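Have a look at the structure below before the remarks.
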């Protein structure tokens, strides 16, 4: 049996498999680190339908920077995939990986796009938008004093 593992092809396959496993474990660790804290993960799951419509609108918004639209387009492609990055049997992350990835990408996009672009494209309620602002760390717009 060990003679079969000594071939260059077997070593290459084992090396690739080990590399993929290490990369996947690193990605799971990153997802765990960037997940919304406390009740925000539950809030992110509640906002998912409105957030998906927001993502679609942001991807088609010509006023957004091209890099942000590409990032949102990549997120839409990921969400369309028939499999999950983290299997559902992994505690916490298994069921919430899509919400965590959406929150992380949105956090990046809304900071680049700004409050006005996100507000213009938000399809939900004011309470939902306030929760989205909290989830993504988007500050409230500065008010102009008369």
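The values are calculated or read from the model by the stated rules, or taken from the named source; none is laboratory data. Note that this is a predicted model, so its numbers are computed, not measured. In this analysis, Cβ positions are derived from the backbone assuming ideal geometry, glycine residues included, and neighbour counts consider all displayed protein chains.
Here are the numbers:
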quantity: Test: residue in segment 60-73 that is within 26 Å of residue 121 (Cβ to Cβ), at pLDDT below 75 and touching a helix residue (DSSP H, G or I) at 6+ places or on another chain (Cβ under 6 Å); calculated: no
quantity: Near pairs, Cβ below 8 angstrom, 6+ apart or cross-chain, from segment 1-22 (part of a helix (DSSP H, G or I)) to any residue that is at pLDDT below 70 and surrounded by 10 or more Cβ atoms within 10 Å (Cβ to Cβ); calculated: 11/5; 14/5
quantity: Verdict on residue 110 being closer than 27 Å to residue 21 by Cβ and either at pLDDT 75 or above or out of contact with any helix residue (DSSP H, G or I) (no Cβ under 6 Å at 6 or more places or on another chain) (or both); calculated: no
